[in-house]
Amino acid sequence: MVRLTVNEQKVSVEKGANLLGAIEKLGIKIPTLCYHKALTPYGACRLCVVEVHVPGREPALQASCSYPALDGITVFTDTERVKRARKIVAELLLARCPEAEAIKLIASSLGVTEPRIRKKNDDCVYCGLCVRMCEERMGKAAIGFTGRGPKKKLEPPFGKHNPVCWTCGACNFICPVGKKITVLTTQKPFIPIPNSYNMGLDKRSAAYILYPQAVPNKAVIDKNYCLHLNYNVCGICKEVCEARAIDYEQKDNKIEIDAGAVILSPGYEVFDPGLKPELGYGKYQNVVTSLEFERILSASGPYSGEALRPSDKKHLKRIAFLQCVGSRDHERDYCSSVCCMYATKEAIIAKEHAGEDLKCDIFYMDMRAFSKGFEQYYESAKKQGIHYIRFRVPVIRELPETQDLVLEYLNEEEKKVCSEYDLVVLSVGMVPPKHIKEFAEKTGIQLNEFNFCRTSVFDPTGTGREGVYAAGPFTEPKDIPETVIQASSAASRVISLLHDVKGTLIKPREYPPETDVGGQEPRIGVFVCHCGTNIAGFVNVPEVVEYAKTLSNVVYVENNLYTCSNDTQDRMKQKIKEHDLNRVVVASCTPRTHEPLFRNTIREAGLNSYLFEMANIRDQCSWVHMHEREAATRKSEDLVRMAVAKARLLEPLQKPLININKSALVIGGGLAGMTSSLELAGQGFEVYLLEREKELGGNLRRIHYVLNGEDPQNELKSIIEKVKTDKRIHLFVSAKILSIEGSIGNFKTRIISDREETEFEHGVIIVATGAREYRPKEYLYGEDERIITQSELEEMIASDAGFAKNGSKPNTMVMIQCVGSRDNERPYCSRICCSTAVKNALKIKEVSPDTNVYVLYRDIRTYGFREQYYTKARQKGIVFMRYDADNKPVVAKNGKSLSVKVFEQTLKLPVEIPADMVVLSAGIIPDQDNKAVAQLIKVPLTQEGFFLEAHMKLRPVDFATDGVFVCGLAHFSKSIEESIIQAQAASARANTILSKDNLELEATTSFIIDENCDGCAYCIEPCPYNAISLIEYMWQGAVKKIAEVNESMCKGCGCCMATCPKRGAMVRGFTMDQIESQIDAALQAV
Amino acid sequence: MGGSGFEPLIIALCCNWCSYAGADLAGVSRIQYPPNVRIIRVMCSGMVHPDFVISALTRGADGVIMCGCHPGDCHYQEGNLTAQKRAEGIYIMLEDFGIEKGRYKLEWVSASEGIRFAQVMKDFVEQVRKLGPNPLKKAVLEVNKCLYQ
């Protein structure tokens, strides 16, 4: 070891180290340019000069990168002489490359903005980084310097393209002035590594973090591209990584897992539009897939969210979307279900990013906006100026001079139109993942004709192999909420299968008893993190540490290279004991990722885990002020002071525990309610199942056949049988709810069933109240017995008398779609009517092949695998005629004969069809009792009257109120399989509560300060969780009113705290005193 | 903070779920913005009591900005909408206190909007810089002098 002095601080480094290393070890930052940790020092730029005093010699300026650290020398990094020298160097560099951002930054940090000498506008600063990189790290020497003095030149040997160059691009990468050096060395194009996260629209390096918010947020090395792993060169990352985290020896591990059940969710791939060469994808740069466009629009995407096109980064003015690319064609006779809505969404977002004037044309066949809220979204998109054009564009042409794209189509007047666009987005469909056949073979499951997982209507998550379940688009194309629902459904199936052994592999963590810190003066320990150079590179950490020591109540401060490392955790525990710390502050990264780790550490040291606070000096300081060391250091000090201020006021908090009553109330005895009940009973819980009618079965009683041929009535019989014989299911028919009290874990419900009142307690509620078919007021319904609804038709076909047997087979039957759906009164699509119409039409053709069937529709919405039946229907001669919402069909009765007049939109002709029977596809409307049920359990309804879930996409079966779940038609119109899936999902969600003996609630909930509360009740209405109520009690002979918080419902948002004019409501861990202490501390700098 | 010009001190109250995460993302993405902002983490923008804003501005902060989730994205359903309503009240209070409206702002920043977070901060710092130092700051210094001398 050698010992030396830098700026009057002593430092020791290993023998052979350079001076720069010793200086950086002290946290002193000096400017460098030609220096790189992984390359031999070069001493070319002289930016890193320092003043070196060797005993017995004159003080001299030396380049610290190439000067050795010698024993006993004294070094000054900041003298006037040094500063002057660096300024001159900066001026020379700036004169050579005045436009280079890196040089400008270095110069301005040294106070130079304009050189006094003539600018050379060179594209090379002669730092030699590329030369050393190529020779030392890549072992190639494809580039070097020739000539001397003013004739010095960067070029390959003999000035010719060099066959040695392997276009790795390391030279381009390391060049500080952005010179494209590969152009000199080779003719071969430099091919960057495509960034798969941005769909290859930009590049990344071989060592990379998948995307900024990736979890875990760790770098990985791409073994396909890494030069070290493939050619044993480079290896720079290992030297640069201060955490020494790089291990080139890691190998793939084979892991064997003993599992009782398997869930298959291999997802989907997007259709490769290269298979349709007429669309020009891969040939024309401005033809992109919808997923690529999604990345283009994303703030974290290749163009930072600006609406630009790939070829020339021109701002977009005209976009076209082509729907059904890879869906609804000969090879893939299914609908991908999601493309209509994502195209609409992307068009809306593109307009938000590019401005109102952006022209968005969506070319489609049928607009399939069939889910909850989608039709309204589609209507709002039209109002925002997005054009929908019903045409399947066969071919895309490019104008070579502008790279604009040309589409030809027929407009509404059947006129040929030729339009130019800046960008065409292909709405690519979902296809099964590659190698899916091998996957199916390995897992022993069956695939359907499109190579998706084969499931059945009444077992929509099962694969046919016991213990193996499937979820997500693998079973059928579907969107986010349906995927989330099916994932929970698969989980429920697994829980049912394995409920005997649930939790047997879990070992609870054990902690030492908590130290009582009550009444103690705060003794705060502050740990400041270097985070390698992430913080220390931009903030003067030693100064922050010294500053922290001056703060009152701070009794211990230290700095760590990495505060989150395992050894620091042990050290922290030791220091807590040694110094009797009762509050801990860590100044490092963000509490959003690291607070749980440190809380656990202090808990292991016997402190309550809430006696902890963080100062975010990395993500919100050093990383965002990388060129302002002084300001970043002051800000870090402020942030530490603010954290310490709050820490002084921290109190130990406990997570309240509530006991869980292990039984469930299921409201509604239709398919969804019965499925949920059976699942929960099968998982070992008591179930109270309520049905308001005399019989179980709900709407399923009226469904007699399904598209794929399964027998619903048989299934229904068997389900009812199971429900009735299950001892854990307590069934109440003709039931009415009188009251529901309590909250998650402990509800108490009073009902009346068959004139008998009963009361029971339960831990959760599942709402499965269903919905019903609309009774049409239009099209002469009710005035003629030949005008019926689809479910009446189904009953008729299935009845004993039979549709075909009664001797009056209709010659012509007309079905009218969207009756009571997609209109002003009910602006939503009822989702199932198109498939029902197709199903019934096919059935008619089966029992009465001579009957002519006409279906009058607006858009045919046979999503998913239902599409193939729509195709089959057309093949069977069923005639589909499209009408417009503004020009609805008219059903007329002339004497005995019925006729339907319609203006056919494809032909643009009025048509009159004499009909023997008119079948109305009546929509699904919410149950009239929903309002009453919603009020009883205090959950919201949508405008249309369906139950409103906690989050449309991510929490589709939960309510915002904990412990209450929704499934089936109560949520929205859906098919049999979708009802079953959601019912199973609701059971899985309920199981997360019922399977626990007690539930740990959030500790940071709100509380009322009695003496401040005067019962004004202002806080009650703003609470989003109805967790606050007003209570009255007798106090000193008078009635006193006061607010009360139900802790099991409170989430700690603090709306009550901000509303209270008397400082009477507070949130634990975020009290007004605590937040104000932070504000005060921040203002101390004033 | 470089130069001799006025450098405002800004207090930012950011909700844990969206805006604070957006601020973190600005960091992870190394998007630079002025070092004038001191961020305080709150669980929800709906938690921010008007007193916080008023007391910060009457005690010398040059500006206060509240950030929450975009409407519809609130982790607590509609805490951000409560905050929006409250912001209207805060403007009225500012008028009563004789504080320029431009010293306070409510903005929506999502967890994926690192760039937007930096831009919002840049814009607000510039807006407050144009207003000049908070006139109450001088008064605060006077009061402090009296108190501590």
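Some points to look at:
- Considering (1) touching a strand residue (DSSP E or B) at 6+ places or on another chain (Cβ under 6 Å); (2) farther than 30 Å from residue A:643 by Cα; (3) away from chain B (no Cβ under 14 Å), the lone condition that residue A:991 does not fulfil carries the number (1).
- Boolean, residue A:112 is in contact with a strand residue (DSSP E or B) (Cβ under 9 Å, 6 or more places away or on another chain) and surrounded by 14 or more Cβ atoms within 10 Å (Cβ to Cβ): no
- Of all residues making up the stretch A:918-935, the number that are open to solvent by less than 50 Å² (accessible area, probe 1.4 Å) and either more than 30 Å from residue A:784 (Cβ to Cβ) or at pLDDT 95 or above (or both): 12
- Tally, over the stretch A:994-1005, of residues that are in a loop (DSSP other than H, G, I, E, B) and either of a type in the set (Asp, Glu) or open to solvent by less than 60 Å² (accessible area, probe 1.4 Å) (or both): 7
- Residue in the stretch B:88-107 that is open to solvent by 10 Å² or more (accessible area, probe 1.4 Å), under 30 Å from residue A:294 (Cα atoms), under 12 Å from the mean Cα position of the chain (by Cα) and not β-branched (Val, Ile, Thr) present: yes
- Residues satisfying the stated conditions in the stretch A:618-671, i.e. in contact with an Asp or Glu (Cβ under 9 Å, 6 or more places away or on another chain) and of a type in the set (Asp, Glu): A:619, A:637
- Residue ranges of strands (runs of 3 or more DSSP E) in the stretch A:376-474 with at least 1 members open to solvent by less than 60 Å² (accessible area, probe 1.4 Å) and in contact with a Phe, Trp or Tyr (Cβ under 8 Å, 6 or more places away or on another chain): A:387-390, A:396-399, A:404-410, A:416-421, A:423-428
- Conditions (1) closer than 30 Å to residue A:298 by Cβ; (2) away from every other protein chain (no Cβ under 14 Å); (3) surrounded by 15 or more Cβ atoms within 10 Å (Cβ to Cβ); number of the one not met by residue A:180: (3)
- Residues being open to solvent by 10 Å² or more (accessible area, probe 1.4 Å) and either under 45 Å from the mean Cα position of the chain (by Cα) or modelled with pLDDT of 95 or more (or both) - total across the stretch A:784-796: 4
- When A:666, A:644 are checked against the criterion of being more than 16 Å from residue A:583 (Cβ to Cβ), more than 10 Å from chain B (Cβ to nearest Cβ) and of a type outside the set (Gly, Ala, Ser), A:666 stands alone in meeting it.
- When residue A:258 is tested against (1) part of a loop (DSSP other than H, G, I, E, B); (2) of a type outside the set (A, V, I, L, M); (3) open to solvent by less than 70 Å² (accessible area, probe 1.4 Å), just one condition goes unmet, and that condition is (3).
- Matching residues in the stretch A:142-169 - criterion: being open to solvent by 50 Å² or more (accessible area, probe 1.4 Å) and within 21 Å of residue A:225 (Cβ to Cβ): A:164, A:166
- Test result for residue A:766, touching a Cys at 6+ places or on another chain (Cβ under 7 Å) and either crowded, with 19+ Cβ neighbours inside 10 Å or outside the structural domain of residue A:839 (by TED's automatic domain parsing) (or both): yes
The values are calculated or read from the model by the stated rules, or taken from the named source; none is laboratory data. Treat the numbers as computed from the prediction; the structure is a model and nothing was measured. Note that we place each Cβ from the backbone using ideal geometry, even for glycine, and neighbour counts take in every protein chain shown. We work out accessible area using only protein heavy atoms, side chains counted, and drop any ligands, DNA or RNA first. Shrake-Rupley method; radii C 1.70, N 1.55, O 1.52, S 1.80 Å.
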